[in-house]
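The values are calculated or read from the model by the stated rules, or taken from the named source; none is laboratory data. Model, not experiment: these values are computed from the prediction. With ideal geometry, Cβ positions are generated from the backbone for all residues, glycine too; neighbour counts draw on all protein chains shown.
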Ligand SMILES: C[S@@+](CC[C@H](N)C(=O)[O-])C[C@H]1O[C@@H](n2cnc3c(N)ncnc32)[C@H](O)[C@@H]1O
């Protein structure tokens with residue numbers, strides 16, 4: 001499986017190869033307005049795409065990966081070397097600086113050296129995860145390879161820091177929108193929230209305009225069913241996709257499955 005360049009909570013990395021199988025044969029332009037760590041973008045590798053997210057420093061980081069991959073890799077090397085030579089204070093200094101100026105270089109460093117690589121913000125948008133004391137953080141040469149690889153993948157993508165409705169304003173018939181919004185039952189787990197009723201009106205609007213969408217939604221976790229039932233007139237197909245390490249084949253064989261996510265398609 002490919003390596004992530006931005007480690008993002010709720011990443012679709014482990015499902016991306018299965019989700020790809022549901023894509024229509026032909027897509028004019030690919031849209032992903034809740035881009036997060038961009039796993040589907042990488043898996044699909046489109047030549048013409050528009051991606052967005054409400055989290056501004058995240059989009060700034062995507063633009064650096066796209067436009068300045070060498071400088072970004074060097075900025076990581078500088079910060080990482082400072083951490084190895086000066087110790088934990090270096091991490092907290094860089095975190096303080098990020099919380100003042102929100103620079104994408106600092107965000108990349110924090111994401112690669114914080115506890116479990118979890119990018120976490122408080123309600124003010126301040127990064128609040130601590131240093132992972134027992135790990136040095138990915139080596140600069142290894143991260144550089146990953147950054148350069150992703151940079152090639154995203155040259156045909158425009159990144160927009162905006163609400164999902166704005167990122168997809170230019171979508172037309174023949175385009176595909178992949179939607180992976182924050183789950184409605186776990187409000188607050190992600191940066192930004194969205195209103196469910198506004199979201200349903202948005203899906204209705206896509207249907208009226210004949211724009212294809214694929215929507216990932218929470219499904220079933222062990223005994224618990226978190227499926228959010230979309231109104232039936234908004235979609236044509238509803239599938240369950242295994243998340244984590246369970247394989248699609250196992251679901252088909254009806255073997256025990258712990259986590260399933262919903263996928264809705266409007267064609
Ligand atoms: C489930 S995550 C997406 C994860 C992504 N598919 C991946 O593979 O990493 C949801 C994303 O929606 C973003 N978000 C939340 N509210 C939003 C809004 N109103 N408009 C656009 N993005 C929003 C969050 O910042 C977060 O990155």
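Please go through (1) in contact (Cβ under 8 Å) with a residue 24 or more places away in the chain; (2) more than 7 Å from the ligand (Cβ to nearest atom); (3) not in a helix (DSSP H, G or I) for residue 8 and return the number of the only condition it doesn't satisfy.
The one condition residue 8 does not meet is (2).
Going through region 150-175 one residue at a time, which ones are touching a residue at least 24 places away in the same chain (Cβ under 8 Å) and more than 16 Å from the ligand (Cβ to nearest atom)?
Result: 151, 155, 156, 172, 173, 174, 175.
From the set of residues in region 20-57 that are more than 9 Å from the ligand (Cβ to nearest atom) and assigned to a strand (DSSP E or B), which is nearest to the chain's Cα centre (by Cα)?
Per the stated criteria, the residue is 51.
Might you let me know whether region 118-125 holds any residue that is surrounded by 13 or more Cβ atoms within 10 Å (Cβ to Cβ) and more than 16 Å from the ligand (Cβ to nearest atom)?
no
Quick check, is residue 24 in the same structural domain as residue 181 (by TED's automatic domain parsing), farther than 21 Å from residue 145 by Cα and touching a helix residue (DSSP H, G or I) at 6+ places or on another chain (Cβ under 7 Å)?
For residue 24, the condition - in the same structural domain as residue 181 (by TED's automatic domain parsing), farther than 21 Å from residue 145 by Cα and touching a helix residue (DSSP H, G or I) at 6+ places or on another chain (Cβ under 7 Å) - is not met.
What number of residues in region 64-94 are touching a helix residue (DSSP H, G or I) at 6+ places or on another chain (Cβ under 7 Å), over 16 Å from residue 114 (Cα atoms) and without any contact (Cβ under 8 Å) to a residue 60 or more places away in the chain?
Counting residues in region 64-94 that are touching a helix residue (DSSP H, G or I) at 6+ places or on another chain (Cβ under 7 Å), over 16 Å from residue 114 (Cα atoms) and without any contact (Cβ under 8 Å) to a residue 60 or more places away in the chain gives 2.
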